[in-house]
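A.B. asks: My structure is below; once you've seen it, I'll send some questions.
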């Protein structure tokens with residue numbers, strides 16, 4: 001792991017240690033959305049009707065927790081792609097509080113009800129498993145099942161990883177952290193090791209809970225993911 005990634009994970013662990021009573025990345029008791037954190041909301045350019053569909057399937061880090069309708073990952077990723085000359089429609093399929101088990105349960109519904117077959121699924125689950133202390137074996141099994149279903153449907157994937165907070169102990173981390181690179185290799189999918197890399201370490205990019213990125217933080221994530229999405233999209237560019 002790169003030094004920057006270790007630094008992100010360490011500070012992430014310190015934050016999680018203070019915030020573990022939340023027990024989830026965006027619980028049902030979360031306050032209503034508001035955006036006191038300022039960042040210019042991206043302007044959404046007109047997307048052709050036949051543009052490829054990208055589904056952003058994850059938890060509150062994908063859903064746009066406490067952000068405006070244009071400030072979450074899906075709209076900001078769509079804008080980042082458009083800025084690079086890539087026309088794609090990015091659908092928000094993030095649900096705050098979702099565990100890998102919950103994501104596994106709703107995957108078929110999301111795919112079956114999409115307006116078109118996705119050209120790519122950006123997948124990010126597991127943070128809530130970690131916060132709730134769910135066994136890494138369960139997390140691995142659920143993510144494996146999700147990736148197997150996507151492979152069965154011949155849908156490319158960009159997997160975004162999560163890291164265990166150091167305060168959970170080395171035993172847990174040694175079981176949890178390898179899940180993402182191992183599954184990325186098993187299914188030969190594109191991989192971004194830590195969804196909050198270069199964001200969790202900067203309070204200016206985080207909401208007051210110090211767990212979720214604000215609109216500017218999401219922009220950093222979206223701009224980091226955009227090149228990987230472009231590479232993973234069939235016939236992009």
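A.B. asks: Restricting segment 126-137 to residues that are assigned to a loop (DSSP other than H, G, I, E, B) and within 12 Å of residue 176 (Cα to Cα), which is modelled with the lowest pLDDT?
C.D. replies: Once the filter is applied, the top-ranked residue is 133.
A.B. asks: Looking only at residues that are within 22 Å of residue 211 (Cα to Cα) and outside any loop (DSSP other than H, G, I, E, B) in segment 159-173, which one is nearest to the chain's Cα centre (by Cα)?
C.D. replies: Applying the filter and picking the extreme gives 160.
A.B. asks: Let me ask something additional. Against the definition (surrounded by fewer than 17 Cβ atoms within 10 Å (Cβ to Cβ) and within 16 Å of residue 99 (Cβ to Cβ)), how does residue 153 come out, yes or no?
C.D. replies: no
A.B. asks: All but one of (1) part of a helix (DSSP H, G or I); (2) closer than 18 Å to residue 62 by Cα; (3) touching a strand residue (DSSP E or B) at 6+ places or on another chain (Cβ under 7 Å); (4) without any contact (Cβ under 8 Å) to a residue 40 or more places away in the chain hold for residue 181; state the number of the condition that does not hold.
C.D. replies: (2)
A.B. asks: Identify the residue in segment 93-125 that is in a loop (DSSP other than H, G, I, E, B) and closer than 15 Å to residue 145 by Cα and, among all such residues, is nearest to the chain's Cα centre (by Cα).
C.D. replies: Ranking the qualifying residues of segment 93-125, first place goes to 125.
A.B. asks: How many residues are more than 11 Å from residue 92 (Cα to Cα) and surrounded by fewer than 23 Cβ atoms within 10 Å (Cβ to Cβ) when one looks only at segment 55-79?
C.D. replies: 2
The values are calculated or read from the model by the stated rules, or taken from the named source; none is laboratory data. Quick caveat: nothing in here was measured; it's all calculated off a predicted structure. Note that we place each Cβ from the backbone using ideal geometry, even for glycine, and neighbour counts take in every protein chain shown.
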